[in-house]
Amino acid sequence: MTTMRRWAGLSVIVVIIILASTVAVRGFEKAATGNSKSRDDLFSQMTIFADALSVIRSEYVDAVDSKKLIYGALRGMLESLDDYSQFMDPDEYNEIRIETKGEFAGIGVEISLKDGVLTIITPMVGTPAEAAGIKAGDKIVKIDGKITKNITLSDAIKQMRGKPGSIVKLTVWREGTSSILEIPIRRDIIKVHSIKKAEMLGDKIGYIKLIEFQENTTRDLDEAIKRLVSSGMESLILDLRNNPGGLLDGAVDVAERFLAKDKVIVSIKSRTKEQDMLFKSSGKVAHTGFPLTVIVNEGSASASEIVAGAIKDNKRGVIVGAKTFGKASVQTVIPLKDGSALRFTTAYYLTPSGKLIKGEGIAPDVVVESSASTGKERDRDLDIFESLEEHKELKITKEKPEVKSEKIESSGSEKDNQLDAAINLMKAIKVYKTGKNCPR
């Protein structure tokens, strides 16, 4: 028994050493080795981990798969770092790679955890979720009959993904209703285009809704701007609301589309100065000849904040809306030899003015708040979970909700006051620049 434990412990140490060596090869030598005292502490803790693993393998009531133990340890290790670091098994890593290319099998929703409640940020245009009547702000309380309280985002995504043609049933609560809704949705291949809308709003104002930063985002943006310019666009509203971010390169490329040459876009601060980076605009494709307004809100994060910060600090345009999310960290994905991967924070980014927006976000130049959840609404969310867990009687509506086509114009019952403010600002800038109707 003792011999088995020692061999198990040794095998784990070998695995960890190999993993550390792989990371070192990728440019993290100093972070992995440290000083002599740090190395001693590391190997001391590794011995404790190896002992714990060998005890579990030999004494746990059921036989445990070694990979399951290692994967579990890696998940805990990464999750202990921060909210954005995670270990991905081969399937999860493959999903991430597919997402960045803009095509996957699912229902087509952007989700987040708000106060611990799984919430729809937005259903994507033309997807099964939109067709089924899912709306922004819906609280998902069950997925296929399983309560979502304390669920992680990765688990929620995994449960909603699936084979095209299969059905997933979401149980949602919607603000302003006295019942919860059961909505069956048929999964399909979702093709996500980073540009959701690109059209003229009148008064020669162009509008582009950018929902995610992917591999093809810059190409799609160039095409959208070209079409709008050919339609007579004289000013542009770039809508980054509820854009969760994406690729760093995509954010840099988008920002430099609106900046003159040699303007700072973002700086990356790593653990060591050797890994710090500074991104400046090349000026090769610079649309600087028209007024620009960028709309943001609390759902604008990461890459979206890089773009908004570059526009604001370089005084290229006006930021309108609500304070952004405040995610100022850069994650690096390190593939492992079995197809799994580590995604962890390797740097923070600063806006061109040198500000770290971690936890603070970017404050808009013109503050226009949208309706936000109140404390009472959060209490109602939690009451729903408690009622479901205690099997209290709840009114469940199984009828398919009415689906209304989305309109860019902020008119009717679904008034968009942030877009209204951006449009009025563009009109005011035009009046100011032309001198028409200005008081003498």
For region 83-234, diffusion coefficient by Stokes-Einstein and Kirkwood Rh (Cα), 25 °C, 0.890 mPa s, µm²/s: 144
Rounded to the nearest 20 debye, dipole of region 42-136 from Cβ charges on Lys, Arg, Asp, Glu: 60
Computed log₁₀ I(q)/I(0) - Debye formula, equal Cα scatterers, no solvent, region 229-319, q 0.12, 0.13, 0.23 Å⁻¹: -0.37, -0.44, -1.19
Residue order, fewest to most surrounding Cβ atoms within 10 angstrom, among Ser112, Ser282, Ser230, Ser302: Ser230, Ser282, Ser112, Ser302
Rounded FRET efficiency, nearest 0.05, which uses the C-beta distance separating Asp420 from Val61 and R0 of 56 Å: 0.35
Computed lengthening from Thr152 to Lys273, 0.36 nm per intervening residue step minus Cα-Cα distance: 40.1 nm
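Values quoted throughout were computed directly from the atomic coordinates according to the rules given, and no laboratory measurement underlies them. All of these numbers come straight from a predicted model, not from anything done at the bench. A quick note on method: Cβ atoms are made from the backbone with ideal geometry, for glycine too, and the neighbour counts reach across all protein chains shown.
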